[in-house]
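Just so it is clear, none of the values below were taken in a lab; they were calculated from the coordinates. This is a predicted model, so every value here is computed, not measured. Ideal geometry is used to build each Cβ from the backbone, glycine not excepted, and the neighbour counts take in all protein chains shown.
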Amino acid sequence: MLSVEDALEAILSRISALGAERVDVLASLGRTLAEAIVSRRVIPPWA
């Protein structure tokens, strides 16, 4: 039987990170951000 540390090491050694891709905001449901979202317009926080 593997220890938790050995199992984690075995799993992490076999995976690689996926690249980022640009998608429309409406198609982004359920996805994880690869970078921060920046607004093109200055909008006050109370708006």
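Please report, in debye to the nearest 20, how large the charge dipole of the chain is about its Cα centre when each Lys and Arg carries +1 at its beta carbon and each Asp and Glu carries -1 there.
Computed about the Cα centre, the dipole is about 440 debye.
So how much slack lies between Trp46 and Asp24, counting 0.36 nm per residue of separation and subtracting their Cα-Cα distance, in nm?
Details: separation 22, 0.36 × 22 = 7.92 nm, distance 2.60 nm.
Fully extending the segment from Trp46 to Asp24 adds 5.3 nm.
Take the alpha-carbon positions of the chain, form their convex hull, and give its projected area averaged over all directions (one quarter of the hull surface) in nm².
6.5 nm²
Whole-Hz ³J(HN,Hα) for each residue in segment 13-22, computed from phi via Karplus 6.51 cos²θ - 1.76 cosθ + 1.60 with θ = phi - 60°, x for glycine and proline: what do you get?
Result, ordered by residue: 6, 9, 10, 9, 6, 7, x, 7, 9, 8 Hz.
May I ask you to order 19-31, 35-47 by the average number of other C-beta atoms within 10 Å around their residues, highest value first?
Per-residue mean Cβ counts within 10 Å order the peptides as 19-31, 35-47.
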